[in-house]
Amino acid sequence: MAQRVLIVGAAVGGAVAAITLRKLGVATVMLEKELVRAKPCGGAVPPAVFTEFDLPHSLIDRKVKQCMIVSPSGQETRVPVASSVPTADDFIAMVRREVFDDFLRQRAQTCGADLIHGQLTGLRVEAQGVTATYRSITDGAEHTLTADAVIGADGAYSPTARLLGLPHLPRAVAIQERIALPASQMERWAESANIYLGYEVSPDLYAWAFPKHDHVAIGIGAGPNHAEKAKTLLANLKVRLGPSLEGGRLLLREAHALPMEPRKQLAFDRAMLIGDAAGLVAHTSGEGIYWAMKSGQLAAEELARHLDAPSAANLRAYERRWWQQYGTMYTFLRWLQRWGYGNERQMEVFTEMCRNPDVQRLTFDSYIHKTMVPAPWGAQLRMTWDILSAQVRNYLRRRTPLREQHPYATI
Ligand SMILES: Cc1cc2nc3c(=O)[nH]c(=O)nc-3n(C[C@H](O)[C@H](O)[C@H](O)COP(=O)(O)OP(=O)(O)OC[C@H]3O[C@@H](n4cnc5c(N)ncnc54)[C@H](O)[C@@H]3O)c2cc1C
């Protein structure tokens with residue numbers, strides 16, 4: 001069987017693209033350079049991942065039922081994970097990427113996709129097809145492979161995008177430690193995920209503590225202007241978490257980049273980009289797993305439809321479907337990130353805003369179900385009033401940031 005589609009990168013996006021193509025009868029090969037170490041990731045995913053992609057709940061380490069947001073001054077807002085109409089899916093799933101990605105890759109192989117353990121080193125797209133070169137991790141030798149089209153699912157640094165001559169996207173850095181805690185300490189984290197805001201732990205994004213089955217994953221995000229401070233920010237987060245990490249044992253420290261902007265164009269002659277390679281990470285939350293899987297599915301469907309004439313004009317149907325479905329959500333989340341994380345005063349307002357029950361319902365309706373439904377007028381008025389009064393309160397009375405109590409390293 002001639003390989004019709006090459007997918008570079010077989011993590012969440014690449015594996016779903018391969019599964020989709022195989023179900024549509026298209027011969028597919030995945031090229032993946034890393035089959036041992038997990039992709040550095042917080043592993044928080046919405047339940048939609050399990051329903052839409054028919055995945056077993058056995059992949060879930062913990063179901064988080066409550067989020068706590070802690071402001072720069074230490075204000076705490078507890079938010080129950082609940083949508084407007086309560087369902088059994090009112091939770092945030094915590095997964096480990098080594099388990100999750102492995103499952104998806106195996107499913108792709110069971111569906112008939114081939115998997116090559118190798119690193120893409122060259123790519124040529126010509127009128128008659130795609131030629132890729134790769135270094136095999138198994139035998140160390142250079143090999144060549146031809147296909148009708150290529151899908152770049154190779155993450156934030158995307159060699160596919162680079163070899164297509166596309167520019168780098170602006171990138172944030174996220175760094176995380178997995179810390180095993182004694183059972184008595186783990187109980188505290190059982191069903192709660194915490195978000196920390198503040199200049200010393202994350203100047204323009206947020207820091208987190210996410211529970212996994214035998215450890216807690218703590219990490220920080222740092223935008224393009226703060227990437228070199230990432231280790232100091234993580235050290236400050238550990239100071240802030242203080243006693244709740246007592247008795248902890250470091251299992252792993254991991255870091256990776258996150259794209260901060262979507263690409264202007266997602267499909268080209270015989271080539272498509274999905275997930276982080278396309279810059280499809282949600283602003284505000286840095287969430288990218290669902291979006292990589294969803295973009296993998298949409299791109300694969302459009303590619304299968306146009307495989308006999310895979311021109312940019314035809315393949316860009318994927319891009320149009322994507323922005324029709326998710327454009328409003330991306331625009332809103334981008335605005336929310338700029339407004340809510342812009343400075344510490346706004347972070348205080350953001351934390352207060354999250355106490356509003358309408359804001360909580362809207363947030364989880366869109367997170368859990370991945371659709372944005374406009375709030376009724378009454379709710380919009382109540383939200384506007386609460387936000388404006390929090391804004392005024394925080395302008396008139398500055399709160400004392402925690403750094404004036406904690407021995408943080410200066411950044
Ligand atoms: C520290 C951190 C925490 C995060 N936390 C969350 C979270 O809690 N929830 C969430 O939804 N998102 C989170 N994200 C974002 C999420 O990890 C990404 O958006 C998601 O993994 C994107 O999936 P992808 O399949 O597009 O790319 P990736 O998962 O990055 O996979 C790309 C694959 O391509 C392979 N590859 C790269 N180059 C080559 C090459 N030359 N040849 C062959 N293969 C290659 C890589 O080995 C990798 O397997 C986090 C990111 C970071 C860095």
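The values are calculated or read from the model by the stated rules, or taken from the named source; none is laboratory data. This one's a predicted model, so the numbers in the text were calculated from it and none came from an experiment. Positions of Cβ are backbone-derived with ideal geometry, glycine not excepted, and every protein chain shown enters the neighbour counts. Quick note on the areas: whole protein, heavy atoms, side chains included, nothing else; ligands and nucleic acids left out. Shrake-Rupley method; radii C 1.70, N 1.55, O 1.52, S 1.80 Å.
Looking at the structure I just gave you, is Ser285 buried (at least 19 other Cβ atoms within 10 Å of the Cβ), over 12 Å from the mean Cα position of the chain (by Cα), within 18 Å of Gly155 (Cα to Cα) and in contact (Cβ under 8 Å) with a residue 24 or more places away in the chain? No, not satisfied.
Summed over the stretch 342-395, residues that are more than 25 Å from His226 (Cβ to Cβ), of a type outside the set (Ser, Thr, Tyr) and within 21 Å of the chain's Cα centre (by Cα) total 8. Going by the conditions given, is Ala17 more than 20 Å from Gly219 (Cα to Cα) and more than 15 Å from the ligand (Cβ to nearest atom)? When the stated conditions are applied, Ala17 does not pass them. Inclusion of Tyr199 among residues that are of a type outside the set (Lys, Arg), within 12 Å of the ligand (Cβ to nearest atom), open to solvent by 20 Å² or more (accessible area, probe 1.4 Å) and over 19 Å from Ala317 (Cβ atoms) is not warranted. For the stretch 69-107, a tally of residues being outside any loop (DSSP other than H, G, I, E, B) and more than 16 Å from the ligand (Cβ to nearest atom) returns 6.
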